[in-house]
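Scroll down for the structure; my scribbles are underneath it.
The values are calculated or read from the model by the stated rules, or taken from the named source; none is laboratory data. Model, not experiment: these values are computed from the prediction. In this analysis, Cβ positions are derived from the backbone assuming ideal geometry, glycine residues included, and neighbour counts consider all displayed protein chains.
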Amino acid sequence: MLEIRDLGRTYGPVTALAGLDLTVRKGEFVGIIGRSGAGKSTLLRLINRLVEPTSGRIVFDGLDVTALRGAELRAWRRRAAMIFQQFHLIDRLDVITNVLVGRLSQVGRLRTWLLAFPPAERAMAVEALERLDMAERALQRADRLSGGQQQRVAIARALVQEPDLILADEPIASLDPLSARQVMEALARINREDGLTVLCNLHALDVARTYCSRVVGIAEGRLVFDGPVTGLDEATIRRIYGDEAAIPKDAPQDAAA
Amino acid sequence: MSSDAVRLFETRRAEQIAARRRQTALFGVVFLAAFAVSVVVGEVSLERLATGLPRFFAYIERTLPTLSLATLGADLGRWFWNFEGWLRLLFDTILIAFVATTLGVIGGFLLSFAAAKNLVANPWIHHGARRFLELMRTVPELVFALFFVFAFGLGPMAGVLAIALHTLGVLGKLFAEINENVTAKSLDGVVAAGASFDQVIRFGVVPQVLPGFVSYTLLRFEINVRSASVIGFVGAGGIGQELMFVINQFIYTDISAILLMLIVTVALIDLGCEKLRHRLIGQESLK
Amino acid sequence: MSRPDSTRIAALAARYPGTIYAPPGQLWGRRAVVAGFFVAFLWASDHLGMSFARLLQGLQDLGIVASMMVPPTSAGFFWDYVHALGETLAMAFLGTLLASLASIPLGFLGARNVVANPVIHFGLRRVLDVIRGVDSLVWALIFVSVVGLGPFAGILAIALNDTGVLAKMYAEAIEGADRKASEGVAAAGGSKADIARLAIFPQVFPVFLSNSLYFFEANTRSATILGVVGAGGIGFFLADRIRVNAWSDVCFIILLILPTVALIDYLSRFLRERAIGVEPPAEALSR
Ligand SMILES: Nc1ncnc2c1ncn2[C@@H]1O[C@H](COP(=O)(O)OP(=O)(O)OP(=O)(O)O)[C@@H](O)[C@H]1O
Ligand SMILES: [Mg+2]
């Protein structure tokens, strides 16, 4: 169970997130919605500790995530796998090595420096790729793939981390509709089959409606909605997206992460 | 109203042009002053130039051997009378450059990450590493060699260490600048997966910067072969000592023979490095 | 996900060949290259007489030298040192200037898109190779025997060596110039000379300037050692004081050189970044 209490982060005068409380049970698929700049990325990055909080606490199954340092912090990051809008793969390395980045914390230092991963680790990476229909491409360079394929490689990388949580930061915002569907289906399947908790930032409301059992709305760094998809009525939507975005049926797809 | 705007624009433009002119004039004055002072301090005169250049060409001419077609073999044999000895010295020279470049690259590689401010948050570390690299870069290898000949004795070891240290400075600084261009994006993906600092370097940085590193290294190797050829002037090994001897003793044809061998060697290495550079950078297996 | 057992590994390896076990040829090929390099490095180090024992002994001696360097003293030579440092700067400045001026026409002559005649092109490039293949210290030694001791020899040495490097780079910059502008001038009825002057020169001039500034910076560093062979500048004093083991004097001289070189570095970088905005190519930066 992920418990977030009074979480806040400021950048100088800018408040990215303030006093956020959220509890996520194991196996939930939570969509986080909000307009650009609302603080969605900040929330996920805080959970993975890519960003340090300025206030509040994050507790996972009794473990105080915000207090972790060094090796313990790295162990936590392995358990809270990130997926990024821009994929964040290593362009010049092949697909399988990119997936093996998810195993770095489990493999000896010298082996990682020499890119000499043990067969069992490599097999695990291939299996993860196979689940995402990408095993055929294992030996290709990552930058030769389409956006949707790259995102599936990134999901495979997250899978081999053997995580407890998947934190997906607008995973489909840079993808065409078909690729977007494949990626969302993959996340949904992982959620279903492996029982992994998924927190997924989304711009498009209809995507949230299709895939998420629960939706969290953030506006200007504050939580303004938390409930089942069915609870999303016109008024709530206006509260999340602000007045001018009256009918955000298909909210903008362009904003960067 | 529009003519006002035009007038404003025109005066602004005139001001800008005037400022530019003033800058150019100032630069010109400084340049001329520097030139005048340099000519005096550098003991340059047209007369010296006029007498010096013909003497230089005469000197070059004197170094050329007399070759005739009838006795070409014998003439060449006489010109390169010490071919094997010089070849051995040349070989040592290349080895000095090879070992020194390798050591310098290893040192520069390691320090370049400490000297990159996007990778190391602690300002003491990256400033310290930067200043150290700059110092090593500023001190010419020959100065290091003078010290090292004293400490390590005459011979190639002093030369190797001297060139290695200078190379470490030059390459470390260039490598660090490449590292600083690495995007946060490529780091985040690896950090978020729970990698340790050195793994972040290995996966988030190295693949991206390696082509640049290799390119600079190969360029530097060629320069180091040339440096290794003169490091012997202060007794630090290689062909330099022999070269200085024949120049100082005015053994003219030996000068041209040694220089010719040196030039061919450097040109071949230049060519080889260029080929290798293009092949490695074009190749995807470079990890 | 879980770590697969051996039967699953074997099945995957069969289904996706090369993913789990690299093809043996590739694997052993890579290992052979690495091992070969390693062996070559060790053999070369041994051949050059390098050893850890000597390294440790030498480092001890260097420690003693360092302790003898403080406090730095000028022993009444302060103004001689300042004058020699001025000579060094003058040598770098005039040498770079001469080389830059000479390299402009040579660069155009050596560029394939300006002078189509392959004989001129080939011949000039080879001459430049010869000049470049010989280190400026060798040229300095030769010029000392031609025009006598002093900074004038150093200026000529720098000028000659840099002409070899700069003219080649200029020629390459010209060959890399955008062709559209050239075609425009040609279409308007311009001659070859018009094309060079109107279409190519404005494009490549910033690169030339940036290169020359960088070379001035690099030459300031290398001019500090030309005095070792008597070609003027602070290097004479430096080598002399090291030879007689006057370490506190050596320290004083180095403390004079370092800020001077740093100042020139800063000036050159400032002008390159602010006034020109173009970085020289990798070939220049690795010098
Ligand atoms: N590194 C940073 N430095 C300064 N301000 C930042 C930084 N990161 C985020 N912010 C600010 O914090 C606020 C929230 O940003 P965040 O990236 O979390 O928004 P978001 O909801 O993910 O938006 P988007 O949909 O555009 O990705 C914004 O106002 C942003 O400008
Ligand atoms: Mg975002």
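Is it fair to say C:GLU217 is under 23 Å from C:TRP139 (Cβ atoms), part of a helix (DSSP H, G or I) and without any contact (Cβ under 8 Å) to a residue 60 or more places away in the chain? Judged against the criteria, C:GLU217 is a match. Within the stretch A:8-57, the set of residues being within 18 Å of A:ALA219 (Cα to Cα), away from ligand 1 (no atom under 12 Å from the Cβ) and either crowded, with 23+ Cβ neighbours inside 10 Å or among the aromatic types (Phe, Trp, Tyr) (or both) comprises A:GLY31 only. For B:LEU161, state whether it is at the interface with chain A (Cβ under 10 Å from one of its Cβ atoms), in a helix (DSSP H, G or I) and hydrophobic (A, V, I, L, M, F, W, C). No. Against the conditions (1) within 16 Å of ligand 2 (Cβ to nearest atom); (2) at pLDDT 90 or above, A:ARG189 satisfies every one except (1). Residue pairs whose Cβ atoms lie under 9 Å apart, separated by 6 or more positions or on different chains, with the first residue in the stretch B:10-37 and of a type in the set (S, T, N, Q) and the second assigned to a helix (DSSP H, G or I), are B:GLN23/C:ALA275.
Applying the selection to the stretch B:125-158, what residues are of a type in the set (A, V, I, L, M, F, W, C), facing another protein chain (nearest Cβ under 9 Å) and outside any helix (DSSP H, G or I)? Within the stretch B:125-158, B:VAL139 is the sole residue that qualifies. Take the stretch A:121-176 and flag every residue that is within 16 Å of ligand 2 (Cβ to nearest atom) and either touching a Lys or Arg at 6+ places or on another chain (Cβ under 6 Å) or free of Cβ contacts under 8 Å to residues at least 60 places away in the same chain (or both). Selection gives A:ILE172, A:LEU175. In this structure, is C:GLY63 in the same structural domain as C:LEU267 (by TED's automatic domain parsing) and assigned to a helix (DSSP H, G or I)? Judged against the criteria, C:GLY63 is not a match. Against the conditions (1) among the hydrophobic types (A, V, I, L, M, F, W, C); (2) surrounded by 15 or more Cβ atoms within 10 Å (Cβ to Cβ); (3) not in a helix (DSSP H, G or I), B:ALA70 satisfies every one except (2).
Filtering B:LEU76, B:LEU32 for residues that are away from every other protein chain (no Cβ under 14 Å) and in a helix (DSSP H, G or I) leaves a single hit, B:LEU76. The set of residues in the stretch A:202-231 that are free of Cβ contacts under 8 Å to residues at least 60 places away in the same chain, within 12 Å of ligand 1 (Cβ to nearest atom) and part of a strand (DSSP E or B) is empty. Quick check on the stretch A:71-99: of everything there that is more than 9 Å from chain B (Cβ to nearest Cβ) and part of a helix (DSSP H, G or I), which residue is surrounded by the most Cβ atoms within 10 Å (Cβ to Cβ)? Once the filter is applied, the top-ranked residue is A:VAL99. Reported count of residues in the stretch C:21-56, each being facing chain B (nearest Cβ under 8 Å) and assigned to a helix (DSSP H, G or I), is 7. Of the helices (runs of 4 or more DSSP H) lying entirely inside the stretch C:107-196, not one is found with 2 or more residues being farther than 30 Å from B:GLY232 by Cβ, basic (Lys, Arg) and outside the structural domain of C:ARG221 (by TED's automatic domain parsing). Report the residue count in the stretch A:232-256 for those that are at pLDDT 75 or above, assigned to a loop (DSSP other than H, G, I, E, B) and either within 16 Å of ligand 2 (Cβ to nearest atom) or within 23 Å of the chain's Cα centre (by Cα) (or both). Going through the stretch A:232-256 one residue at a time, the tally reaches 1. Within the stretch A:123-177, being in a helix (DSSP H, G or I), within 11 Å of chain C (Cβ to nearest Cβ) and within 19 Å of A:PHE29 (Cα to Cα) holds for A:ALA156, A:ALA158, A:LEU159. Within the stretch C:243-261, the set of residues being at pLDDT 90 or above, farther than 12 Å from C:PRO72 by Cα and assigned to a helix (DSSP H, G or I) comprises C:ILE257, C:LEU258, C:PRO259, C:THR260, C:VAL261. Is at least one residue of the stretch A:179-192 more than 16 Å from ligand 1 (Cβ to nearest atom) and outside any helix (DSSP H, G or I)? Scanning the stretch A:179-192, I find no residue that is more than 16 Å from ligand 1 (Cβ to nearest atom) and outside any helix (DSSP H, G or I), so the answer is no.
In the stretch B:234-258, the qualifying residues are those that are free of Cβ contacts under 8 Å to residues at least 60 places away in the same chain and within 8 Å of chain C (Cβ to nearest Cβ), and the one that is farthest from B:VAL143 (Cα to Cα) is B:PHE250. Among the residues of the stretch B:135-165, those that are buried (at least 24 other Cβ atoms within 10 Å of the Cβ) and small (Gly, Ala, Ser) comprise B:ALA145, B:ALA158, B:GLY159, B:ALA162, B:ALA164. Is there a residue being part of a loop (DSSP other than H, G, I, E, B), in contact (Cβ under 8 Å) with a residue 40 or more places away in the chain and either touching a His at 6+ places or on another chain (Cβ under 7 Å) or not assigned by TED's automatic domain parsing to the domain that holds B:ILE251 (or both) anywhere in the stretch B:87-101? No; the residues of the stretch B:87-101 include none that is part of a loop (DSSP other than H, G, I, E, B), in contact (Cβ under 8 Å) with a residue 40 or more places away in the chain and either touching a His at 6+ places or on another chain (Cβ under 7 Å) or not assigned by TED's automatic domain parsing to the domain that holds B:ILE251 (or both). For the stretch C:57-96, a residue qualifies if it is without any contact (Cβ under 8 Å) to a residue 12 or more places away in the chain and under 31 Å from the mean Cα position of the chain (by Cα), and the qualifying residues are C:GLY58, C:LEU59, C:ASP61, C:LEU62, C:GLY63, C:ALA66, C:PHE78, C:TRP79, C:HIS83, C:GLY86. Scanning the stretch C:143-168 for residues that are within 9 Å of chain B (Cβ to nearest Cβ), buried (at least 24 other Cβ atoms within 10 Å of the Cβ) and among the β-branched types (Val, Ile, Thr) yields one hit, C:ILE155. With the condition kept exactly as written, say whether any residue in the stretch A:53-68 is within 16 Å of ligand 2 (Cβ to nearest atom) and in contact (Cβ under 8 Å) with a residue 40 or more places away in the chain. Taking every residue of the stretch A:53-68 in turn, none turns out to be within 16 Å of ligand 2 (Cβ to nearest atom) and in contact (Cβ under 8 Å) with a residue 40 or more places away in the chain.
Anything in the stretch A:69-93 that is acidic (Asp, Glu) and touching a residue at least 24 places away in the same chain (Cβ under 8 Å)? List them, or say none. First the steps, then the outcome.
Step one: filter the stretch A:69-93 for residues acidic (Asp, Glu), giving A:72, A:91.
Passing the criteria: only A:ASP91.
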